[in-house]
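Heads up, the thing below is written out as structure tokens.
The values are calculated or read from the model by the stated rules, or taken from the named source; none is laboratory data. What you are looking at is a predicted structure, and each value in this text was computed from that prediction instead of being measured. Note: ideal-geometry Cβ built from the backbone for every residue, glycine included; neighbour counts use all protein chains shown.
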Amino acid sequence: MTVTIVGAQLGDEGKGGIVDLFGEPADVVARYQGGDNAGHTVVHEGVEYKLSLVPSGAVRGKIGVLGNGCVVNPRTLFDELDTLADRDLDPDVRVARRAHVIFPYHRVLDGIEEDVKSETDDEVGTTGRGIGPTYEDKAGRRGLRIGDLTDEDVLRRKLEYVVPQKRALAEDVYGVDVGEKFDIDALFEEYREYGTRLADEDMLVNAGDFLADRLDAGDNIIFEGAQGTLIDIDHGNYPYVTSSNPTAGGAATGTGLGPDVIGGGEIIGIVKAYLSRVGSGPMPTELAGVEGDTPGYEGNAGEREETLATEIREAGGEYGTVTGRPRRVGWLDMPILRHATRASGFSGLAVNHIDTLAGFDELKIGHSYTLDGEEVLTVPATTGEWARCEPNLRTFEGWDDADWEAVAADGYDALPENAQTYLDYISDELDTPIYAVGVGPGREQSVVRERPFE
Ligand code: IMP
């Protein structure tokens, strides 16, 4: 069977922990979109690993697959694999031949575009990993796929077509001098080596066939979404989005399996009990705190809010895994969750960070928005409208800190009563059951009500 893990908000909901929690019976963990913009921390036998490309489950002996919907920077991939090898770990990672390759020029162009946009405060706040420019080339039919790295003639021919275009763009349009990152011979030599290594180490797969064979053989597969629903290129707040589909539909197109396979399994929406965001864009329930990130939106400035935001940020460790940037923080936003539940068809939810919210007298949840005098229950289609939304906040009584491991051991009824009220409201509003509640960073610090593979 399959379980698909999808971020219900703006990324950083704690998807890796849930993959870990539910993933024990899984044989394969497959990513279906994104690239090395997705940071995750894995603790294995007491050692912490910071990974951005290798699927977290691969460190725990599962087969990791980077599906065709991913964009792969081979430098990052081999750096991560070599670092793991230094610690005597030899994860089995397969890469789709149809996945697209991130080249150094993509990163340069990502940076240039952000710089130019920042002159008018329009930057997206990307991770700078070249993700957008690589997906642009994919859609523009000038990208290189992983499979192209193993054919020298194709590799050279395609580089000879595309690199001069990129050089002209950087130099003639943006007036930026570029060096080796745009040198065809240097790129050819480096990337040919990657192709050889991928082939020699038997890492190349036709993802759809590979995964279908594993399913036929009775394997369990987890599809691990990166980022989150509101930064989905289609369903997110364009243009403050990543360039792929983290929503559940992406698990079909990004692996080569049919939507019936994805929908026939469980689709779990991962929710953080509050909201955080890196990068720009509206955030109607935002608490004041990190300045200047929200073009077109004034925020709810105020000293009390700033203190609250700082407390939640510190308690929740809300700093970007890839970039180290402090994350913006806000109250839980139900319109976001209704939108996410519809777009991905969640069969269950996991709500993380209930422990982070302990100790506050009261908490708020954005139940709906007021947009131009009307109440709306879900996220408007345009980012301009979303930026005009005022949240209608509901107040919930807070809960005290607790011995969370004991709570996890005793189950849902052992959660503080007010936390249960908060969680039951979320589940009722979304008409979706809660399978797990995160009450701490470790696997043991989770209240489990339902294990999707069982
Ligand atoms: P990109 O994916 O680097 O192109 O960045 C596009 C937008 O997605 C920016 O707002 C990033 O901050 C955001 N983003 C990308 N990856 C993540 C992630 O793993 N967590 C949260 N936000 C992300």
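So the values come out like this:
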item	result
Every residue from region 343-375 that is among the charged types (D, E, K, R) and touching a Gly at 6+ places or on another chain (Cβ under 7 Å)	355, 361, 362
Number of the condition not met by residue 334 [criteria: (1) among the hydrophobic types (A, V, I, L, M, F, W, C); (2) under 20 Å from residue 271 (Cβ atoms); (3) surrounded by fewer than 18 Cβ atoms within 10 Å (Cβ to Cβ)]	(3)
Condition check for residue 66: out of contact with any strand residue (DSSP E or B) (no Cβ under 6 Å at 6 or more places or on another chain) and under 20 Å from residue 252 (Cα atoms)	no
Which listed residue, of 266, 190, is surrounded by fewer than 23 Cβ atoms within 10 Å (Cβ to Cβ) and under 21 Å from residue 76 (Cα atoms)	190
Residue match in region 200-208 (condition: more than 14 Å from the chain's Cα centre (by Cα), within 16 Å of the ligand (Cβ to nearest atom) and among the acidic types (Asp, Glu))	no
Candidates 74, 91, filtered to the one that is more than 15 Å from the ligand (Cβ to nearest atom), in contact (Cβ under 8 Å) with a residue 24 or more places away in the chain and more than 24 Å from residue 243 (Cα to Cα)	91
Matching residues, region 109-129, being aliphatic (A, V, I, L, M), within 14 Å of the ligand (Cβ to nearest atom) and over 26 Å from residue 56 (Cβ atoms)	109, 112
Selection from region 32-55 of residues that are assigned to a loop (DSSP other than H, G, I, E, B) and at positive phi	45, 46
In region 353-362, residue nearest to residue 434 (Cα to Cα) [restricted to those that are part of a loop (DSSP other than H, G, I, E, B) and out of contact with any Leu (no Cβ under 9 Å at 6 or more places or on another chain)]	353
Those helices (runs of 4 or more DSSP H) lying entirely in region 368-454 with at least 1 residues more than 24 Å from residue 5 (Cα to Cα) and touching a helix residue (DSSP H, G or I) at 6+ places or on another chain (Cβ under 8 Å)	404-410
Matching residues, region 362-387, being over 26 Å from the mean Cα position of the chain (by Cα), more than 17 Å from residue 425 (Cβ to Cβ) and not hydrophobic (A, V, I, L, M, F, W, C)	370, 372, 373, 374, 375
Sole exception among (1) modelled with pLDDT under 90; (2) touching a Phe, Trp or Tyr at 6+ places or on another chain (Cβ under 7 Å); (3) more than 24 Å from residue 99 (Cβ to Cβ) for residue 22, by number	(1)
All positions within region 337-352 that are under 24 Å from residue 415 (Cα atoms) and either of a type in the set (A, V, I, L, M) or in a helix (DSSP H, G or I) (or both)	337, 349, 350, 351
Entirely in region 80-174, the helices (runs of 4 or more DSSP H) that have 1 or more residues that are modelled with pLDDT of 95 or more and within 27 Å of the chain's Cα centre (by Cα)	104-118, 131-139
Selection count where residues are part of a strand (DSSP E or B) and of a type in the set (A, V, I, L, M, F, W, C), scope region 1-31	6
Breaking point among (1) within 16 Å of the ligand (Cβ to nearest atom); (2) assigned to a helix (DSSP H, G or I), for residue 189	(1)
Restricting region 32-57 to residues that are of a type in the set (Val, Ile, Thr) and within 16 Å of the ligand (Cβ to nearest atom), the residue that is surrounded by the fewest Cβ atoms within 10 Å (Cβ to Cβ)	41
Region 224-268, residues that are outside any loop (DSSP other than H, G, I, E, B), among the hydrophobic types (A, V, I, L, M, F, W, C) and within 16 Å of the ligand (Cβ to nearest atom)	230, 231
Evaluation of residue 63 against (1) within 17 Å of residue 203 (Cβ to Cβ); (2) surrounded by fewer than 21 Cβ atoms within 10 Å (Cβ to Cβ); (3) of a type in the set (A, V, I, L, M) (one fails), failing number	(2)
Qualifying residue in region 269-285 (condition: touching a residue at least 60 places away in the same chain (Cβ under 8 Å), closer than 28 Å to residue 92 by Cβ and not in a helix (DSSP H, G or I))	yes
Any hit, region 212-230, residues being basic (Lys, Arg) and under 25 Å from residue 24 (Cα atoms)	yes
Residue 5 being among the aliphatic types (A, V, I, L, M), touching a residue at least 12 places away in the same chain (Cβ under 8 Å), under 18 Å from residue 257 (Cβ atoms) and within 16 Å of the ligand (Cβ to nearest atom)	yes
Residue match in region 15-23 (condition: crowded, with 22+ Cβ neighbours inside 10 Å and within 12 Å of the ligand (Cβ to nearest atom))	yes
